[in-house]
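First comes the structure, then the notes that go with it.
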Amino acid sequence: MTSFATNIIFKEKINQETNIEIDHIHLYVKDTVYWTEWFINVMGFCSIAGGSNEHTKTEIVKTGDEENPIIFVISSPLSSQSPVAKYLDIHPPGVADVAFKVNNLQKVITKYNRFNQGIKGTIEEIKYAQGCLKWSHISCQSKLNHTLFERRGYTPILPKTWLKERQVNRANKNNFLALDHLVLNVAKGEIESTMTWYEKVLGFKKKQFFKIETPRSGLSSQVMFHPVGNIQLPINEPISNNSQIQEFLDANNGSGIQHIALRTNKITEVTQQLRQNGLTFLSIPNTYYEELSKINLYFKFTPEEWQTIVKENILLDREEINEEGLWKENHPLLLQIFTQPIFEQPTFFFEIIERRRQARGFGEGNFRALFEAIEREQRKRGTLIN
């Protein structure tokens, strides 16, 4: 085994039977080479594996540490027979599969087959010299694909013999600590059935609920979380025909992942570096910070950090409030910033998030600020009429 092999293999973790973790995110794009270079040069990832067969080219990039790896698989078509080509005939580039790692695949598939009234899930298996890999392909109620992996010992990221390890020849910048959460947009009227699917099949639970409305549009959002695996999955649906969620659904030709949040412990530094690398972010009006400055005492920011936060357009919110609705000095604190959509269509984007004082949830203030920021972009595109 080569010295860089640990970059593309998983070592078995002893967890509870019901544990679910993010395994990797699979993007379908038009040009794998371009987007691999983008992840490396803009986001600070490392290339760890790649290859192609006659139909599909795939590269794998990674950041984070061995305990919390953030892995993206990037595929593009080489022929019309590629599953990527078939996907791109229907959808723009984006997240085609959210892969989960589970400790008891048979148990999950049994639940899936009991709940699902259509196609049943099946399990495939490959044994390696130092491990065993089982997997199954399933879809949630809103048609988002999930590949479930059960890993024992040492296993490759994907069971594809044509994928070869790449020697890492540059340092991992480790801008990000973990994949914090994913946001799923579904059609109006589908949020309840989608929540039920994640509850019954994968064991998610309900957490926070938000309803955001402006004079122009609105959305409903239910945050789901896994009590063992620490995965958070907000699910959004539109409550108006011109909602940004509806714009996403129209552009994406269906439900899908709207954004993925990457967690850091140095958001201002990371944001500055990403801007230097060419990444663009949603802009925030000065009035937002004028309101926050009235309660800056409770943030306990230094003047220098506050100036950087304002300059970089980073959103601030607390996870909860006291009975009087006032900020407390020790409240869990969220710092967030959102990129512009990374593809041509106004669909998928990234969030950078820092959680302070053990913040675990979401703040309604930032939720509304994001919604209003996207509304401003909608007006620029002419898809939201004043």
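The values are calculated or read from the model by the stated rules, or taken from the named source; none is laboratory data. Keep in mind that this is a model prediction, so the values were computed, not measured. With ideal geometry, Cβ positions are generated from the backbone for all residues, glycine too; neighbour counts draw on all protein chains shown. For accessibility, only protein heavy atoms count, side chains too; no ligands or nucleic acids. Shrake-Rupley method; radii C 1.70, N 1.55, O 1.52, S 1.80 Å.
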Search result, residues across the stretch 146-161 that are within 21 Å of HIS55 (Cα to Cα) and open to solvent by 60 Å² or more (accessible area, probe 1.4 Å): LYS160, THR161
Cβ contacts < 6 Å: first residue closer than 19 Å to ILE245 by Cα and open to solvent by 30 Å² or more (accessible area, probe 1.4 Å), restricted to the stretch 333-362; second residue at pLDDT below 95 and part of a strand (DSSP E or B), any location; separation 6+ or different chain. Result? none
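Per-residue answers, yes or no, for (1) within 16 Å of PHE350 (Cβ to Cβ); (2) modelled with pLDDT of 95 or more; (3) touching a strand residue (DSSP E or B) at 6+ places or on another chain (Cβ under 9 Å):
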{"residue": "GLN208", "(1), (2), (3)": "no, no, yes"}
{"residue": "GLU213", "(1), (2), (3)": "no, no, yes"}
{"residue": "ASN230", "(1), (2), (3)": "no, no, yes"}
{"residue": "ASN241", "(1), (2), (3)": "no, no, no"}
{"residue": "THR271", "(1), (2), (3)": "yes, yes, yes"}
Counted residues, the stretch 244-284 - those being open to solvent by 20 Å² or more (accessible area, probe 1.4 Å) and outside any loop (DSSP other than H, G, I, E, B): 11
Pick from the stretch 194-231, criterion in a loop (DSSP other than H, G, I, E, B) and open to solvent by less than 50 Å² (accessible area, probe 1.4 Å), ranking: farthest from PHE115 (Cα to Cα): THR214
Can you tell me how many residues within the stretch 167-193 are within 23 Å of LEU105 (Cα to Cα) and either at pLDDT below 80 or open to solvent by 20 Å² or more (accessible area, probe 1.4 Å) (or both)? 2
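Of the residues ILE337, ILE353, which single one is within 20 Å of ASN286 (Cβ to Cβ), modelled with pLDDT of 70 or more, under 16 Å from the mean Cα position of the chain (by Cα) and among the β-branched types (Val, Ile, Thr)?
Testing whether each residue is within 20 Å of ASN286 (Cβ to Cβ), modelled with pLDDT of 70 or more, under 16 Å from the mean Cα position of the chain (by Cα) and among the β-branched types (Val, Ile, Thr) leaves just ILE337.
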Flagged in the stretch 122-135 as surrounded by 13 or more Cβ atoms within 10 Å (Cβ to Cβ) and free of Cβ contacts under 8 Å to residues at least 24 places away in the same chain, in numbering order, are ILE123, CYS132
Given (1) surrounded by 17 or more Cβ atoms within 10 Å (Cβ to Cβ); (2) β-branched (Val, Ile, Thr); (3) over 19 Å from the mean Cα position of the chain (by Cα), identify the lone condition not met by THR287. (1)
Restricting attention to the stretch 290-318, which residues are in a helix (DSSP H, G or I), open to solvent by 10 Å² or more (accessible area, probe 1.4 Å) and of a type in the set (Phe, Trp, Tyr)? TYR298, TRP306
